[in-house]
Amino acid sequence: MQTKPTAFGLLLIKGLGRLIIYLGFSAPAIAQIVPDATLPVNSTVTPNCSNCTIDGGSVRGGNLFHSFSQFSVPTGGSAYFNNAVNLQSIISRVTGTDASTIDGLMRANGMANLIFINPNGITLGPNARLNIGGSFLASTAQSVRFADGVEFSATNPQAAPLLTSSIPVGLGFLNPGPIQVQGQGHSLIGPTFLTPPIGLGTNPGLTVRPGRTLAIIGGAVTLDGGVLNVPSGHVEIAGVGNGTVRLVPSLTGWRFNYGQTHSFNDLLITNRSLADTTGFGGNSLNLQGRNILLDRGSVLIGLNGGTIASGAFTLNATESITVSGTDPIARIPGGIINATAGRAPGGTIEISSPNLKLEAGGLIVTETFGANPSGNIRIQVPGTFQVDGTSPRDRRVQSTLVSLSLGEGRAGDVQIDTGTLRITNGGFLESATYGRGEGGDVWVNATSGVELNGVARPFLQPSLLGSSTLGTGNAGSVTIKTPTLTVLNGGRLDSSTQSSGSAGSVFITADRSVTVSGAVPESRNPSLISSAAAIVDPSLQQLFGLPRIPTGAAGNVTINTPQLTVRDEGQVSVRNEGVGDAGSLIINANRVGVLSNGAITAQTNRGQGGNIQITSRTLILRQGGSIVAAVSGTGNGGNITIASDLIALLEGSRTSANANQGSGGRIFINAQGVFLSPDSLITATSALGSQFSGIVQINTPDIDLSRSGVQAVPSPAVPEVAVTCGGGSTANANSFTISGTGGIPTNPDEFLGSQGGWRDPEQTQSQSSTAPLGKGQAIVEAQGWERTSAKTVRFAVTPGASSSYYSDASTGCVKR
């Protein structure tokens with residue numbers, strides 16, 4: 001018998017083609033279809049048939065019941081249910097002890113649904129085909145249950161009442177057998193998720209008509225190269241243990257409810273298996289099991305090219321879900337893709353499991369190619385959610401979770417609720433826009449912690465959590481709530497722009513700590529928390545058609561945590577490497593440590609410098625740690641505002657708001673105590689000269705710091721500034737030595753108090769005196785300073801503990 005083509009032939013949308021050609025064939029075979037004698041009107045089949053016609057059966061209302069002791073269709077054979085065209089459902093059971101192997105064609109008349117149960121097991125071979133008008137359900141359930149309480153049982157076939165005209169509403173399971181769907185696998189082609197995949201398939205697999213349901217529900221379920229194709233319809237795959245699965249009628253056939261299911265079995269979807277709901281809208285998919293493994297290039301996909309909104313892709317597991325993208329043959333990474341290219345919104349992806357892992361280039365993607373938004377991504381994983389590594393076949397393909405806009409529609413939001421989120425070895429989690437559409441927001445609520453660690457070699461892609469724009473649309477925001485956030489070894493949490501759209505803002509609330517540490521030696525990028533307008537590699541700029549330099553603005557970064565540590569060349573920053581402005585960096589913490597060349601920065605190229613605001617109890621900079629609001633181009637320096645009980649700059653650390661071709665910025669410090677080592681400094685300068693220098697204002701009360709607990713740092717061997725003031729005679733001479741480039745006392749325990757600011761030198765010269773001291777006259781500590789055009793340091797003091805102090809003299813020695 002010649003089969004009819006069952007493919008979803010050609011979907012062409014705005015020049016983005018997708019071609020799937022299905023070829024079916026049949027050959028003579030001997031079917032093993034043997035009716036039993038358990039029905040009022042038994043099924044009839046010609047013995048030893050190759051292409052078998054199944055007549056008879058018992059009709060009740062819109063239901064036709066068939067019962068068999070054996071049912072298998074060998075390769076090239078067929079089973080034709082010769083039903084009346086007005087029937088709604090054909091319900092068939094196998095009451096014997098043999099599993100069913102179907103490697104040929106199953107077909108029926110009219111628009112009837114086909115339900116086939118065999119609790120011993122079902123194998124749908126590489127040549128299995130469907131030609132039915134309705135939905136198809138293959139299950140290893142024991143029974144089909146109906147709305148009026150009747151149960152059509154394969155293990156108790158004589159139970160009364162036997163038949164009903166009611167609609168089927170459930171499946172009963174007790175230690176069910178397995179189901180396998182075998183095939184040659186898909187041959188999709190596509191550069192990851194940037195264009196719709198193109199399929200040149202030679203194996204259509206199991207196909208039902210558009211808008212119907214194809215369901216595989218058994219014990220352990222395996223798709224080994226199997227292909228399920230339901231244009232604009234619904235795919236259901238479930239591994240069930242014991243209990244009841246409810247059937248809920250829907251516009252596309254059925255939905256399934258597992259609220260009365262007591263246990264589940266595993267799902268394995270492997271070797272380029274495919275579940276495809278591409279069509280003109282209304283598509284949806286659901287996977288339910290204990291452990292769900294999607295690997296070796298297998299794909300769950302739906303591309304909506306119509307006007308009806310897409311439905312959700314949902315995966316629910318009681319133990320774990322793993323999505324792995326690697327396969328030596330597949331020409332597209334494996335994963336889950338729910339996309340829209342038509343005039344309707346895309347569908348969501350919703351995943352619920354105690355643990356979830358993306359590895360070896362696996363994908364979870366919602367995307368839009370048109371004017372309508374893509375779907376959201378919602379992840380609920382109370383244990384560990386890990387996004388890890390790249391594809392071993394192509395190291396450029398990162399394990400990825402992304403909502404994406406490639407057109408005018410908005411990218412969907414990404415919402416992660418988990419215990420621990422771990423992004424490692426180049427894993428990638430983001431919402432992004434490459435076009436005119438806005439980017440989506442990213443929300444992470446992790447009850448145990450968030451870790452971003454490492455890069456993917458050899459291309460050094462960072463482990464990344466964030467949002468971005470490579471188009472004219474603006475990137476979304478990133479919000480993190482967690483007890484601990486660690487960004488290590490080149491990992492990155494950021495919102496960025498490489499084009500004219502603006503970067504989003506980053507909001508972090510960490511109940512215990514935030515740590516940013518380390519850098520990759522061969523990479524220009526350290527471990528990083530940032531919002532930035534960044535210049536990417538020229539080859540990537542050309543690939544994505546990006547401008548030579550970005551014109552969009554950077555966003556803001558806000559961090560609220562008891563303890564922030566930035567160390568070992570790690571950075572927290574807002575920056576703009578293009579022509580726009582940097583954002584603001586706001587830190588609220590009890591303790592802030594910037595150590596070992598770590599940096600807190602707000603840097604720009606041509607725009608106005610960004611702002612840094614730090615509120616803390618203690619702020620410690622050591623071993624080259626820095627706080628910088630600088631401009632490398634034509635803009636003015638940014639502002640740094642620090643309010644802290646204790647501030648210490650030690651071992652070559654610095655705080656600066658410098659400019660190159662503009663005016664220096666402003667530094668405002670309010671503290672109970674400020675300590676600087678001789679080799680540390682605070683500056684607000686301009687390369688244009690002192691007349692363009694900024695303002696440094698330090699406000700501290702006069703208090704006794706002798707019990708501060710901060711140890712003095714030894715003076716450098718060759719002080720940059722050393723001035724001696726002589727007394728009236730050699731015997732009674734006193735000396736006062738200033739060491740270090742910042743004009744700060746040598747010993748950090750020597751208190752510097754100031755509640756004033758800089759003043760024009762011409763207004764303050766009258767307050768100083770350089771006359772020699774008389775015998776017994778005390779030397780008064782300098783209380784203010786400034787750098788002059790001659791690159792010297794001038795100091796001054798004003799009597800009175802509560803007065804303001806200003807710089808005014810070219811010497812380093814001030815006497816009362």
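The values are calculated or read from the model by the stated rules, or taken from the named source; none is laboratory data. None of the values given here were measured: they were computed from a predicted structure. Note: ideal-geometry Cβ built from the backbone for every residue, glycine included; neighbour counts use all protein chains shown.
Data for the structure
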read-out: The lone exception for Leu87 - which of (1) more than 17 Å from Ile167 (Cβ to Cβ); (2) assigned to a loop (DSSP other than H, G, I, E, B) it fails; value: (1)
read-out: Criterion (surrounded by fewer than 24 Cβ atoms within 10 Å (Cβ to Cβ) and polar (S, T, N, Q)) met by exactly one of Thr123, Thr140; value: Thr123
read-out: Number of positions in segment 50-65 that are within 20 Å of Leu162 (Cα to Cα) and in contact with a Pro (Cβ under 6 Å, 6 or more places away or on another chain); value: 1
read-out: Those residues of segment 327-352 which are small (Gly, Ala, Ser) and either crowded, with 24+ Cβ neighbours inside 10 Å or over 17 Å from the mean Cα position of the chain (by Cα) (or both), in sequence order; value: Ala330, Gly334, Gly335, Ala339, Ala341, Gly342, Ala344, Gly346, Gly347
read-out: Among residues of segment 275-308, those that are among the polar types (S, T, N, Q) and within 21 Å of Ser399 (Cβ to Cβ), counted; value: 2
read-out: Residue list for segment 39-77, restricted to those being in contact (Cβ under 8 Å) with a residue 12 or more places away in the chain, part of a loop (DSSP other than H, G, I, E, B) and hydroxyl-bearing (Ser, Thr, Tyr); value: Ser50, Thr75
read-out: Strands (runs of 3 or more DSSP E) completely within segment 567-622 that count 3 or more residues being of a type outside the set (Gly, Ala, Ser) and within 20 Å of Gly490 (Cα to Cα); value: 571-576, 599-604
read-out: Conditions (1) farther than 23 Å from Gly297 by Cβ; (2) assigned to a strand (DSSP E or B); number of the one not met by Gly409; value: (2)
read-out: Residue satisfying all of: in segment 303-326; closer than 24 Å to Arg290 by Cα and either in contact with a Phe, Trp or Tyr (Cβ under 9 Å, 6 or more places away or on another chain) or among the aromatic types (Phe, Trp, Tyr) (or both); surrounded by the fewest Cβ atoms within 10 Å (Cβ to Cβ) among these; value: Glu319
read-out: Among residues of segment 230-241, those that are assigned to a strand (DSSP E or B) and more than 29 Å from the chain's Cα centre (by Cα), counted; value: 1
read-out: Residues of segment 657-692 satisfying the condition of being among the hydroxyl-bearing types (Ser, Thr, Tyr), surrounded by fewer than 24 Cβ atoms within 10 Å (Cβ to Cβ) and not in a helix (DSSP H, G or I); value: Ser663, Thr683, Thr685, Ser686
read-out: Number of the condition not met by Arg410 [criteria: (1) in contact with a Ser or Thr (Cβ under 6 Å, 6 or more places away or on another chain); (2) under 18 Å from Ala475 (Cβ atoms); (3) at pLDDT 95 or above; (4) not aliphatic (A, V, I, L, M)]; value: (1)
read-out: Residue count for segment 293-324, restricted to those that are of a type in the set (Val, Ile, Thr) and over 21 Å from Thr213 (Cα atoms); value: 4
read-out: Pairs where the first residue, in segment 341-363, is over 21 Å from Thr326 (Cβ atoms) and the second is assigned to a loop (DSSP other than H, G, I, E, B) and of a type in the set (D, E, K, R), C-beta under 7 Å, 6+ apart; value: Ala341/Lys14
read-out: Candidate set: segment 269-280, residues that are crowded, with 22+ Cβ neighbours inside 10 Å and in a strand (DSSP E or B); chosen: the one modelled with the highest pLDDT; value: Ile269
read-out: Options Ser644, Ser686: the member that is of a type in the set (S, T, N, Q) and at pLDDT below 90; value: Ser686
read-out: Options Ala160, Ala99: the member that is at pLDDT 95 or above and not charged (D, E, K, R); value: Ala99
read-out: Index of the failed condition, Gly504 passing every other in (1) within 19 Å of Val450 (Cβ to Cβ); (2) in a strand (DSSP E or B); value: (2)
read-out: Filter result for Ala532 (within 30 Å of Thr561 (Cβ to Cβ), in a strand (DSSP E or B) and at pLDDT 95 or above); value: no
read-out: Failed item in (1) surrounded by 24 or more Cβ atoms within 10 Å (Cβ to Cβ); (2) outside any strand (DSSP E or B), with Phe459 passing the rest; value: (1)
read-out: Members of segment 539-580 that are over 17 Å from Val478 (Cβ atoms), at pLDDT 95 or above, within 24 Å of the chain's Cα centre (by Cα) and surrounded by fewer than 24 Cβ atoms within 10 Å (Cβ to Cβ); value: Thr565
read-out: Residues being among the hydrophobic types (A, V, I, L, M, F, W, C), assigned to a loop (DSSP other than H, G, I, E, B) and without any contact (Cβ under 8 Å) to a residue 40 or more places away in the chain - total across segment 283-334; value: 1
read-out: Complete set of residues in segment 337-396 that are touching a Gly at 6+ places or on another chain (Cβ under 6 Å), in a loop (DSSP other than H, G, I, E, B) and polar (S, T, N, Q); value: Thr348, Asn355, Asn372, Ser374, Asn376, Ser391
read-out: Positions within segment 617-641 being surrounded by fewer than 23 Cβ atoms within 10 Å (Cβ to Cβ) and at pLDDT 95 or above, in sequence order; value: Arg617, Thr618, Ile620, Arg622, Gln623, Gly624, Ser626, Thr641
read-out: Selected residue [among the β-branched types (Val, Ile, Thr) and modelled with pLDDT under 95] from Thr479, Thr472; value: Thr472
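Residue-by-condition table, conditions (1) in contact with a Cys (Cβ under 6 Å, 6 or more places away or on another chain); (2) under 27 Å from Ile549 (Cβ atoms); (3) not in a strand (DSSP E or B):
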site: Arg436; (1), (2), (3): no, yes, yes
site: Asn445; (1), (2), (3): no, no, no
site: Ser448; (1), (2), (3): no, no, no
site: Ser468; (1), (2), (3): no, yes, no
